[in-house]
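Input: a single structure, listed below in structure tokens.
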């Protein structure tokens, strides 16, 4: 009962924050769709996707790796070293993002400008991720939620101001950077109540992180590429118009996928504790979580079929995005697999099975790329949505195979 209460409390805070950020994202997408059309939506969402890669790389899987140490070790010292690592990493990522931009197989002056202006947001996003690691370890996710809420409100208001004044699209990206900066500042304000904010740049600590966490880092990076490489293939094979039709429902679909992520953010620290102290309790709660994820996934399919025909026109305000309804329904068929694979991935992380996870997501990425290169020229965004759903069930099968061999035999 105590476990359920802790997870529920942390999940509730995250859901409240995600509701605000999702509404903000949908509001901004609606503004972009109304003001800049299908092609503009494709350019904007692809630029956001490109920058999103570097937000996720800035995590580098280190939060998952370092969380047990933050829970049971010298929390202030470890966190300050983590902050130093993240600051250097994010500065390097900003440079890489800029250098890779001319090498992309597609481009437009607007897309390049959006990315260049948005690169500055990588640094505050990395700082906020670092603050989140401490909040997760201390079950203080309400602070993450408060910062996210303020970020969401700022970004939405700023975007409305941009559209009202009929300013160019790049101003919306500038507002995004401002929102991340606000999140970082607010996160640090909460952290400094218990931890000094001066970062520690310790080479030995950084080297240890890179050596010890590289399997989970590569696994998460493979997972990240697996999720969004289709947008880049779609743009290079088709056009920004096709990308706009696909990315708009995909953004909505992704918003729903944070629900299992939120649950796991609360469940993961408890899994670590229970596996060490009470194995039977660990497996009992794992069975409950599995049933919960499966039911939520099935409910997601039903809800999407009812909501999609209303939500897409409501957000876009026109018929140019009618095909997005079909895309969203195809993507929703993967909800059960996405929800369950989110749980099983972190179960394998708890058991330190990083290399099997790397093999799973590396294989899924390769299959995903091959199938997209084959289907997108033939079916465009329908092919991309179909591949995404198919590959997630493939990942689930791979995970269950590893779980049977590694986890359930140990119970």
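The values are calculated or read from the model by the stated rules, or taken from the named source; none is laboratory data. Note that this is a predicted model, so its numbers are computed, not measured. Neighbour counts are summed over all protein chains in view; Cβ atoms, including those assigned to glycine, are modelled from backbone coordinates with ideal geometry.
Within region 310-332, identify whether any single residue is outside any helix (DSSP H, G or I), more than 28 Å from residue 378 (Cα to Cα), modelled with pLDDT under 90 and touching a helix residue (DSSP H, G or I) at 6+ places or on another chain (Cβ under 9 Å), and answer yes or no. Yes - at least one qualifying residue is present in region 310-332. If residue 357 satisfies all but one of (1) at pLDDT below 85; (2) surrounded by fewer than 20 Cβ atoms within 10 Å (Cβ to Cβ); (3) in a helix (DSSP H, G or I), what's the number of the condition it fails? The number of the failed condition is (2). Of the set (1) touching a residue at least 40 places away in the same chain (Cβ under 8 Å); (2) surrounded by 16 or more Cβ atoms within 10 Å (Cβ to Cβ); (3) more than 27 Å from residue 23 (Cβ to Cβ), all apply to residue 93 but (1). Would you confirm whether or not region 191-210 contains a residue that is modelled with pLDDT under 90, under 25 Å from residue 105 (Cα atoms) and in contact with a helix residue (DSSP H, G or I) (Cβ under 6 Å, 6 or more places away or on another chain)? Checking region 191-210: not a single residue is modelled with pLDDT under 90, under 25 Å from residue 105 (Cα atoms) and in contact with a helix residue (DSSP H, G or I) (Cβ under 6 Å, 6 or more places away or on another chain).
From the list 384, 364, the one residue that fits, being in contact (Cβ under 8 Å) with a residue 24 or more places away in the chain, in contact with a helix residue (DSSP H, G or I) (Cβ under 9 Å, 6 or more places away or on another chain), part of a helix (DSSP H, G or I) and within 26 Å of residue 289 (Cα to Cα), is 364.
Residue by residue, here is whether (1) surrounded by fewer than 18 Cβ atoms within 10 Å (Cβ to Cβ); (2) under 24 Å from residue 247 (Cβ atoms); (3) touching a strand residue (DSSP E or B) at 6+ places or on another chain (Cβ under 7 Å); (4) in contact (Cβ under 8 Å) with a residue 60 or more places away in the chain holds:
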residue: 133; (1), (2), (3), (4): no, no, no, yes
residue: 159; (1), (2), (3), (4): no, yes, no, yes
residue: 177; (1), (2), (3), (4): no, yes, no, yes
residue: 180; (1), (2), (3), (4): no, yes, no, no
residue: 191; (1), (2), (3), (4): no, no, no, yes
residue: 199; (1), (2), (3), (4): no, no, no, yes
residue: 222; (1), (2), (3), (4): no, yes, no, yes
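When you look at residue 215, is it in a loop (DSSP other than H, G, I, E, B) and either surrounded by 14 or more Cβ atoms within 10 Å (Cβ to Cβ) or touching a helix residue (DSSP H, G or I) at 6+ places or on another chain (Cβ under 6 Å) (or both), yes or no? Taking the combined requirement at face value, the residue does not satisfy it. Contact map, region 137-154: first residue under 18 Å from residue 82 (Cβ atoms), second residue at pLDDT below 90 and surrounded by fewer than 17 Cβ atoms within 10 Å (Cβ to Cβ), Cβ cut-off under 6 Å, separation 6 or more or different chains; pairs are 137/71.
When 235, 181 are screened for being modelled with pLDDT of 90 or more, part of a helix (DSSP H, G or I), farther than 24 Å from residue 19 by Cβ and under 22 Å from the mean Cα position of the chain (by Cα), only 235 passes.
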